[in-house]
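J.: Input: one structure, supplied below.
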Amino acid sequence: MTERVRSLADEVEAAVSAAMAGTLPPELAGQDPLVRRSDHADFQSNVALPLAKRLREKPREVAEKLREPLSRVEWIRSVEVSGPGFLNINLADEALLGRLALRYGDARLGVPETQGGQVAVVDYSAPNVAKEMHVGHLRSTLIGDALVRVLDFLGARVIRQNHIGDWGTQFGMLIQYLTEHPELRWHARDLGQAEAGSAVSALDSLYREARKHFDADPAFKERAQRRVVALQAGDAETVNAWREIVAESENAFQQIYARLGVLLTLDDVAGESFYNDRLQSVVDELREKGIVQESEGAWCVFFDDIRGPEDKPVPMIVQKADGGFGYAATDLAAIRYRTQELKATRLLYVVDARQSQHFAMLFRTARLAGWLTDDIQAVHVQNGTINGPDGRPFKTRSGGTVRLADLLDDAYGRAQEVVTEKNPDLHDADLDRIAQVASIGAVKYAELSTSRVKDYSFDVARMVSFSGQTGVYLQYTHTRIASILRRAGDSAAQARFRPALALEPAERQLALLLDEFSSVLNGVADTLEPHRLAGYLYSVAKAYTDFYESCPVLKADAETRANRLALCRLTGTTLARGLGLLGITAPDRM
Ligand code: ARG
């Protein structure tokens, strides 16, 4: 691990630990010094309370003993004992400024590569071929994208895997229907419009047509079933038709990804079909290892404590009675591939929380098979559902699924309105560019600022607003910083921190927050919760707003001005970097 810049919180922890080592018996000195940020001081340590219990002394007396060596640390300005025995620790301004100067001088803002040596395989987005991509896939796509960016920044080798649903008996039926109706137009090029997803929309409704015939016409049903057999047997004409459907869908997905500005490319696709020729050997291996059992002709894995209706163990069906394989077999093959061939040290699946049982059984089976070992972490990074603005399941007025492209159009329209309101003189081209950046930023920030396991309402009016905890507010704060730096001209580029200056309270608050950036990112890497970063950036923006309102920058005396300009710049870079890690653009004007 490269040690870039240690955070002040780490320094304070080390100082309290040293004070403990100097005053306590060795068996007590090693415990967590319990250092936190506090409203009453820069930092607070509550360690005297548990220590007092074990020493059978009064907490305030223990705190007093620790206070003495701490107050002799040169970069600590003051230490006070408060309440039942809390240590309130305030740092010298010089220490804050010195730390900021180190971050300011480093292209990574002092953030160490704590994930170096990790190989993280991230499975996310995973829409289904010939089906409309809907809001459910939006969550996985955006959360996965943010995690990929953060882990990559922290030095992990990240392998993106888009496990698209591109295989299954439904394709036999669709292909049969398309073959019998050559007059139908569904290729994007034939639809005469470049609209994202047009081929998928067409295929989605044709699939529903095909389904109707399948249910109503026994002769068609039989032809469709023969088509399934032909597809599985690798019949050239059928496989070609399938390939075309997959390719059209993939192009449509890529258009949406490009519009969202997420990192997924065609190279990241390893869909269900990718594992076809590995499935039999997976079942064979599980059979040899005695992990699967035969049940009503099918090969299944059972766990005693995973039970369903009537208290019966739920089967994970690995191979069906007719010899076919399903979703579970594919995921088993994928986990074996990702551990053994991709050499993952961490496996992340950003998938709807409703699939939690599937992943629980998948991971346990993979452990039994020896594919997952103790040094590999596998996590189902669960996400909740997106509801409509009324808090109820998200449906169109006619009851259909809401298309992702339509939602983005809504957000775009709304962004145009609020931007025009703020700035009525914008040229069309600028308005368009800003509305794009603001609407995508708004949708992403709304997603990523919500705890991922929670459900939330997709409320465009709330998301696209200049006030409140929104992406637009954060982007706007960044533009305000850019604007002050423009006005400062050349002196902005030369601005440096002046460690000899005294800081105002608002400056201290902002400084302490800026120093937390790396620990927030490590928190995201550990908990896989991007909302920690989203919330942090909002605190930074608010602290900047407070600073800006109480501390003049351009009108201050030369030394203070240079220092404050440096603070503006460091805030701007931290916001831009942080937003970038959420996949959100930080514009200079809007
Ligand atoms: N295609 C699936 C769906 O739309 C999600 C796949 C998630 N990834 C996985 N490895 N199972 O529900």
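Laboratory data are not the source of any read-out in this text; all were calculated from the coordinates shown. Just so we're clear, the structure is a prediction, and the values are computed from it rather than from any experiment. So basically every Cβ, Gly included, is an ideal-geometry build from the backbone, and we count neighbours across all protein chains shown.
J.: Taking every eigenvalue of the Cα gyration tensor of the chain, multiplying by 5 and rooting it, what semi-axes result, largest first, whole Å?
T.: Sorted largest first and rounded, they come to 52, 33, 18 Å.
J.: Go through 469, 239, 545 and say which Cα lies farthest out towards the positive end of the charge dipole of the chain; charges sit on Cβ, +1 for Lys and Arg, -1 for Asp and Glu.
T.: After comparing all options, I get 545.
J.: Report the charge-dipole magnitude of the chain in Debye, nearest 20, computed about the Cα centre from +1 at each Lys and Arg Cβ and -1 at each Asp and Glu Cβ.
T.: 1140
J.: Something else: If I take R0 = 25 Å and measure r between the Cβ atoms of residue 285 and residue 345 in this structure, what FRET efficiency does the formula 1/(1 + (r/R0)^6) give, to the nearest 0.05?
T.: 0.70
J.: Of the DSSP beta bridges with both residues in the chain, give the percent that are antiparallel, rounding to the nearest 5.
T.: Of the beta bridges lying entirely in the chain, close to 50 percent run antiparallel.
J.: Considering all projection directions equally, how large on average is the shadow of the alpha-carbon convex hull of region 1-41, in square nanometres?
T.: 4.0
J.: Pulled fully out, how much extra length does the chain show between residue 320 and residue 490, if you take 0.36 nm times their separation in residues and subtract their Cα-Cα distance?
T.: 54.1 nm
J.: Additional query: Can you figure out the FRET efficiency of residue 327 with residue 39, using R₀ = 51 Å and their beta-carbon distance, to the nearest 0.05?
T.: FRET efficiency, residue 327 to residue 39: 0.55.
J.: Please enumerate, by chain and number, the lysines with C-alpha under 27 Å from the C-alpha of residue 289, excluding those fewer than 8 residues away in the same chain.
T.: 312, 320, 343
J.: Further, regarding this structure: How far apart, in nm, are the 7 Å Cα→Cβ label points at residue 296 and residue 55?
T.: Reported label-point gap for residue 296 and residue 55 is 6.7 nm.
J.: While we're here: With contacts defined as alpha carbon pairs under 8 Å and 6 or more residues apart, what's the relative contact order of the chain in percent?
T.: 14
J.: For q values of 0.18 Å⁻¹, compute log₁₀ I(q)/I(0) with the Debye formula on a Cα-only model of region 168-262, without solvent.
T.: After summing over all Cα pairs, the log10 values are -0.82.
J.: Taking R0 as 35 Å, what FRET efficiency do you get between residue 189 and residue 169 from their Cβ-Cβ distance, rounded to the nearest 0.05?
T.: The formula returns an efficiency of 0.80 here.
J.: So which lysines pass the test for residue 212, namely a Cα distance under 23 Å, with those fewer than 8 places away in the same chain ruled out?
T.: 131, 221, 395
J.: Sorting check: for 48-57, 340-349, which peptide has the highest mean count of neighbouring beta carbons within 10 Å, and how do the rest follow?
T.: Highest to lowest by the protection proxy: 340-349, 48-57.
J.: Please give the calculated 222 nm ellipticity per residue for the chain, where each DSSP H segment of at least 4 residues contributes -39500 (n - 2.57) and the sum is spread over every residue; nearest 500 deg cm²/dmol?
T.: Mean residue ellipticity at 222 nm (helix-derived): -17000 deg cm²/dmol.
J.: Within 10 Å, count the other beta carbons around each residue, average over each peptide in 145-154, 429-438, 552-561, and list them highest first.
T.: Sorting 145-154, 429-438, 552-561 by mean packing, highest first, produces 145-154, 429-438, 552-561.
J.: Select from the chain the helices, each a whole stretch of DSSP H, whose alpha-carbon atoms run 30 Å or more along the helix axis and whose Kyte-Doolittle mean is at least -0.5; answer none if there are none.
T.: Once both thresholds are applied, what remains is 236-260, 558-581.
J.: Okay, next question. What is region 1-63's relative contact order, in percent, from Cα pairs under 8 angstrom and six or more apart in sequence?
T.: Result for region 1-63 is 22 percent.
J.: Sticking with this structure for a sec: Restricting things to alpha carbons, tell me how big region 8-91 is in terms of Rg and Dmax, in Å.
T.: When restricted to Cα atoms, region 8-91 yields Rg and Dmax of 11.3, 32 Å.
J.: Under the Kirkwood approximation applied to all pairs of distinct alpha-carbon atoms, what is the hydrodynamic radius of region 427-582 in Å?
T.: Hydrodynamic radius (Kirkwood, Cα only) of region 427-582 equals 16.6 Å.
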